[in-house]
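**Student:** Shown below is the structure under consideration.
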Amino acid sequence: MPDLGNRIRRLADSRNAAHMIKCFALASSRIRRYLLIRTIMSAATGLAVWALAAAFGLRLAAEWGIVAFALNYIPFIGPWIATLLPTCYALAQFQSPQSALVVFACLSAAQFVIGSYIEPRVAGNTLGISPSLVLFSVFLWTFLWGIFGAFIGVPITIAVLAFCTQFASTRWIAELLGTEGVANGELERS
């Protein structure tokens, strides 16, 4: 990164160089915040899975919580697997399809509430992006690039919006999609 920064600083137009440096700094700061939020929400999911597994008397409840924490980083597929595995284990442990179905329903509800409601709101409010844009970016980039797009969908959107806030010609895009850059004074007037 220092090499790229030096190349940008050597650009003939120092004003554009300053804009680009500021864009990269803003984007990296917001992506770090997003990853922190993602980690906190993964921990909340892991705790919810652990609590539900323990409440149902499922053996290895702590391990199921750790599995849910780790798999929550994989959008869509991870939470599904983190719900399906304890459900299969519950079926084997309790030998009752009804008990396994209850475990599945409760774990699915916890995953859904945290992953589709709480996390987009927290990420959106913290990063200044509308929660619907957070969900939309995951779906869009998953559609375009598959599972790899799901991993990088929100960081790509964060970076694009950070760049949009720094230039007058694209600032309207950032304002339309809900960034708080104007209110927080993150913008440099062009």
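**Student:** Which whole-number percent of Cα pairs in the range 121-161 have a distance greater than 12 Å?
**Tutor:** For the range 121-161, the share of Cα pairs beyond 12 Å comes to 51 percent.
**Student:** Considering the options Leu71, Ile21, Ile31, tell which one lies farthest towards the positive end of the dipole of the range 5-78, charges being +1 on Lys and Arg and -1 on Asp and Glu at the Cβ, about the Cα centre.
**Tutor:** Ile21
**Student:** Classify the range 102-147 from the C-alpha gyration tensor, please: rounded if a/c falls under 1.5, else prolate or oblate depending on whether a/b exceeds b/c.
**Tutor:** The shape class here is oblate.
**Student:** Just to be sure I understand the model, the point goes 7 Å from the Cα along the line to the Cβ. What's the resulting Ala109 to Val160 distance in nm?
**Tutor:** 3.6
**Student:** Now, a different point. Of the listed values (i) 18.4, 69; (ii) 19.7, 77; (iii) 20.7, 72, identify the label whose number matches Rg and Dmax of the Cα atoms in Å calculated from this model.
**Tutor:** After the calculation, the listed value that fits is (iii).
**Student:** Over the chain, with every protein chain in place, what whole percent of the accessible area is carbon and sulfur at 1.4 Å, could you tell me?
**Tutor:** The value for the chain is 72 percent carbon and sulfur by accessible area.
**Student:** Pop out the ³J(HN,Hα) list for the range 59-72 in order, Karplus 6.51 cos²θ - 1.76 cosθ + 1.60 with θ = phi - 60°, rounded to Hz; leave Gly and Pro as x.
**Tutor:** These are the phi-based 3J(HN,Hα) values: 5, 6, 4, 5, 5, 5, x, 5, 4, 5, 4, 5, 6, 5 Hz.
**Student:** Ordered by packing density, taken as the mean number of other Cβ atoms within 10 Å over each peptide's residues, highest first, how do 156-167, 86-97 rank?
**Tutor:** For the peptides 156-167, 86-97, the packing ranking is 156-167, 86-97.
**Student:** Let me ask something else about it. For the chain, what is the accessible area per residue in Å² when the probe is 1.4 Å?
**Tutor:** 54
**Student:** So what is the relative contact order of the range 36-150, in percent, for Cα pairs below 8 Å that sit 6 or more residues apart?
**Tutor:** 22
**Student:** Taking the mean number of other Cβ atoms within 10 Å as a proxy for protection, how do you rank 107-116, 143-152 from highest to lowest?
**Tutor:** So the peptides 107-116, 143-152, ranked by packing, come out 107-116, 143-152.
The values are calculated or read from the model by the stated rules, or taken from the named source; none is laboratory data. Owing to the predicted nature of the structure, the values given are computational and were not obtained by experimental measurement. Note that we place each Cβ from the backbone using ideal geometry, even for glycine, and neighbour counts take in every protein chain shown. Note: areas computed on protein heavy atoms with side chains; ligands, DNA, RNA excluded. Shrake-Rupley method; radii C 1.70, N 1.55, O 1.52, S 1.80 Å.
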